[in-house]
Every structure is written in C-alpha cells, then in structure tokens.
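Notes follow the structure.
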Amino acid sequence: MRLRALISRICRQMLRDKRTLALLLLAPLLVLTLMYFLFNSKNTEPKLGVNGLDTRFVQVLKQTGLTVTEYDRADPGTVLDDKLDALLNSANGKLTLTLENSDPGKAKQLQMKVSQAAASAAVIQQPTAGLTPSPEMETHYIYGSSDSDFFDVLSPILIGFFVFFFVFLISGIGLLRERTTGTLERLMSTPIRRGEVVAGYLTGYGIFAVIQTLIVVLYAVGVLDITLAGSIWLVLLVNLLLALVALSLGILLSTFASSEFQMVQFIPVVVIPQVFFAGIFPQDGMADWLRVVGYIMPLHYGADALKNVMYKGEGLAKIGLDLTVLTFFAGAFILLNIFALKKYRKL
C-alpha cells in the first residue's frame, strides 16, 4: 500500500506539471529531428578552380567527383572571391595548389584527390603544357597550415559554447533562487523600476560572467595553446557579448520557471539545438529552411565570429555583422525581461 501510494503521488505530481511532462516527451523528439535532418543533409563536393591545365587533366579531375571551374586568369584571391575550396594553377610544368582550408579535413581530402588525379593523368597522356610525367605540386594555405586539424576549427566554437552555457545556467538559477527565497518579492515592494531591477541583476551577474569569460579565454589561449591567429581583444569582445546574450536570456527564461529543475529543462530546448548550428556540422548541404533555423540562434553568430578571429585571423570589419546581431539579441532579451516583469510581477 505504501509503495502504491508513493507511485500514485509521483504520477499525479508529474501529470500536474504540464511543462515538465511536455519537455520530457517533446524535447527528445525535437533534438532527434534536428539530428536527423543534419546527418541526412546533402554532401557537397569540394569546389576546385583550375587555371592553365590541360583539358584531359581537367577531365580526370572531374571524374574524381570534384566540382571544377575553369579560369583564364586566377590568383589566390579568387578562392575567397568565388568561395572555392581550392585553386589549382599550372605554370612552367609546375602545379600550385592553394587551399582555403577553413575545414582541414575537407582540404586534406581535396588535396589527396588532386594528387591522385595528377598521377593518373600523367600515366594516360604524354607530357603536355600544364603537366609533366611526374608533376611537382606546391601547396599553399589561405587559413591555417598543413598541420591544421579539425580541433583548430572546433576550439573557438567550444570556447563560445562553454561561456554561453554556464552563464545561461548560473544566471537563470541565480535569479530563480532570488524569487524562491522571497528576496525578489521584498525588492518588488520598494519603489524600484522594472528597468532598474533588470539592470541591477544584469550588472551583478555580469561581473562574474566577465570574470568567467576572462578565465576561459586566457586559459584556452595561454595554457592550452589553442590557435589564435587574430586579436585576443576581439576574442574577449565576442565572448563578452555572447555572455551578455546568455545572461539576459537566462534571466528571461527564469521568469517562466518555478523551480531549478524547470530551469534545467530549458537546456535541451534552448541550448542544445544551438550547438548544431554553431559550425560543428557543415551547413553547405543543409536544406534552406534548416539554415534559416540557424540564423535565429545567437551561438551561430558568436561561434562564427570566434572562428573568423581565432582560426582565420580576421579583423573587426569581418565580424562586424556577427557583433551587431549579438548586440541585437542582447537588447531584445533585455527588453523582453522588462516586459516579462510587468506581466508576471507586480512592481
């Protein structure tokens, strides 16, 4: 009887908590659906530009599955201008391969295909302009080097994710404790404005968010020796903006949670989907509607900016749009916080 009563109480409690029940049943379906579409996205073949090559060599390259574009004149800048993965030039019997290398794994695969195609073409044809029986190929990299690997691209994304995740979680749970302990209720009884409440909590938790951001970034760069091709100040700026977005979002969502358990339940709905669109998975083959989903994810812009600075060595001009969007997200969440206080709290 006692066991039956305990089981019955737990079932009734779960059925009364509609939000927990919905997240328990629907959140896994949401994550699985996103993973299904991500892993079933079309694989895009590397895009290779060629200049000065023999026609038969170009045909061999196309047979490897590469998307080949022929140019009359091309230089390394063509790779970035036309969004190519690589450019293969031939001059004086020497091949020069310039790899964009934003995805080291993809770049190594492309380099291997080009080398195999050069060897195959040399076997089936006589020496011609643009190819010798034993072609010598020199390789250059726009981003990174021959030693670059996937972690060099992944590490900036991970730094942004950890900053976002922990600031989001701590700020949300922290404000929730203020509510459950009655501190916020006593504060609301004073003639303080909603904007002042939001600004106070943002500043208070923001101080510790800044400290955490500094520790994470400096440890990653100084101790772990993670690749940093750009300015450390830009890395800090991006992470601080990302922390502000996470802080304002965490405080906003804590408004709709009645317990710490419910706050944690927002993670599979709010945080995990953002990881899929942060650059860990290639987005070239995604469906158009799936890309649009990524555009509403703050972490998408933060990770893009960090990768541009840390791996590609870009400056402020390149990441200006990402910073603007992150600022917009932060401002929007702050305004929503003020309106949420008006709706749910009597100030």
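Scan segment 210-243 for residues that are among the polar types (S, T, N, Q), farther than 15 Å from residue 162 by Cβ and either in a helix (DSSP H, G or I) or at pLDDT below 85 (or both) and the total you get is 1. Which one of the conditions (1) modelled with pLDDT under 80; (2) within 24 Å of residue 267 (Cβ to Cβ); (3) buried (at least 18 other Cβ atoms within 10 Å of the Cβ) does residue 181 fail to meet, given that it meets all the rest? It is condition (3) that residue 181 fails. Restricting segment 1-22 to residues that are aliphatic (A, V, I, L, M) and more than 21 Å from residue 254 (Cα to Cα) leaves a set whose member that is most open to solvent (accessible area, probe 1.4 Å) is 1. Restricting segment 266-293 to residues that are open to solvent by less than 40 Å² (accessible area, probe 1.4 Å), modelled with pLDDT under 80 and among the aliphatic types (A, V, I, L, M), which is farthest from residue 174 (Cα to Cα)? In this case the residue turns out to be 286. Only a single criterion out of (1) assigned to a helix (DSSP H, G or I); (2) open to solvent by less than 100 Å² (accessible area, probe 1.4 Å); (3) not hydroxyl-bearing (Ser, Thr, Tyr) is not satisfied by residue 25, namely (2). Could you count how many residues in segment 134-167 are in a helix (DSSP H, G or I), surrounded by fewer than 21 Cβ atoms within 10 Å (Cβ to Cβ) and not aromatic (Phe, Trp, Tyr)? Counting residues in segment 134-167 that are in a helix (DSSP H, G or I), surrounded by fewer than 21 Cβ atoms within 10 Å (Cβ to Cβ) and not aromatic (Phe, Trp, Tyr) gives 4.
Among the residues of segment 19-38, the one identified as of a type in the set (Phe, Trp, Tyr) and without any contact (Cβ under 8 Å) to a residue 24 or more places away in the chain is 36.
Within segment 308-337, the residues that satisfy the criterion of being in contact with a helix residue (DSSP H, G or I) (Cβ under 7 Å, 6 or more places away or on another chain), assigned to a helix (DSSP H, G or I), under 12 Å from residue 234 (Cα atoms) and open to solvent by 40 Å² or more (accessible area, probe 1.4 Å) are 316, 318.
Scanning segment 294-315 for residues that are aliphatic (A, V, I, L, M) and within 16 Å of residue 326 (Cα to Cα) gives 296, 297, 299, 303, 305, 306, 309.
To keep it simple, each residue is scored yes or no on (1) more than 30 Å from residue 153 (Cα to Cα); (2) out of contact with any helix residue (DSSP H, G or I) (no Cβ under 8 Å at 6 or more places or on another chain).
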position: 15; (1), (2): yes, no
position: 20; (1), (2): yes, no
position: 57; (1), (2): yes, no
position: 62; (1), (2): no, yes
position: 83; (1), (2): no, yes
position: 87; (1), (2): no, no
position: 94; (1), (2): yes, yes
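Number of residues in segment 66-109 that are over 15 Å from residue 143 (Cα atoms) and touching a strand residue (DSSP E or B) at 6+ places or on another chain (Cβ under 6 Å) equals 12.
Of all residues in segment 40-53, those that are open to solvent by 30 Å² or more (accessible area, probe 1.4 Å) and touching a residue at least 40 places away in the same chain (Cβ under 8 Å) total 4. Give me the residue from segment 122-172 that is more than 23 Å from residue 67 (Cβ to Cβ) and charged (D, E, K, R) and, out of that set, modelled with the highest pLDDT. This residue is 152.
Go through segment 244-265 and report how many residues are under 19 Å from residue 332 (Cα atoms), open to solvent by less than 30 Å² (accessible area, probe 1.4 Å) and not in a helix (DSSP H, G or I).
Result for segment 244-265: 1.
The values are calculated or read from the model by the stated rules, or taken from the named source; none is laboratory data. These figures come from a predicted structure and were not determined experimentally. Please note: Cβ atoms are built from the backbone with ideal geometry, for glycine as well, and neighbour counts cover all protein chains shown. When the accessible area is computed, the model is the full protein with side chains, heavy atoms only, and any ligands, DNA or RNA have been set aside. Shrake-Rupley method; radii C 1.70, N 1.55, O 1.52, S 1.80 Å.
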